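> One structure is given below, represented as structure tokens, and several questions about it will come after.
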Amino acid sequence: MQSVSQALDILLAAAVPVEQSETIDTLDACGRVLAAPVTATINVPGMDNSQMDGYAVRAGDCVSGDTRLRVSQRISGGTSAKR
């Protein structure tokens, strides 16, 4: 078994820096490394979708099954809730 230090040395020795970049189609990008962040130009999905957006509720607020709750805040991916 290798120590953490030995494993890190092996990984760093095998790492090869990216020296060039090129623009290619997304479908041709399998196995490649991004040279810059990618940002979507449209909302995906384009509508509120609790399966994707992750609305959080307390079970006690929904006992009747027909409770309407208000959205208290919008939290974008990668950010934290306001307190």
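The values are calculated or read from the model by the stated rules, or taken from the named source; none is laboratory data. Owing to the predicted nature of the structure, the values given are computational and were not obtained by experimental measurement. Neighbour counts are summed over all protein chains in view; Cβ atoms, including those assigned to glycine, are modelled from backbone coordinates with ideal geometry. Just the protein is used for accessible areas: all its heavy atoms, side chains included, with ligands, DNA and RNA removed. Shrake-Rupley method; radii C 1.70, N 1.55, O 1.52, S 1.80 Å.
> Give just the number: which of (1) at pLDDT below 85; (2) assigned to a loop (DSSP other than H, G, I, E, B); (3) open to solvent by 100 Å² or more (accessible area, probe 1.4 Å) does Glu22 not satisfy?
(1)
> In region 1-35, which residues are within 30 Å of Ser76 (Cβ to Cβ) and without any contact (Cβ under 8 Å) to a residue 12 or more places away in the chain?
Result: Thr23, Ile24, Asp25, Thr26, Leu27, Asp28, Ala29, Cys30, Gly31, Arg32, Leu34.
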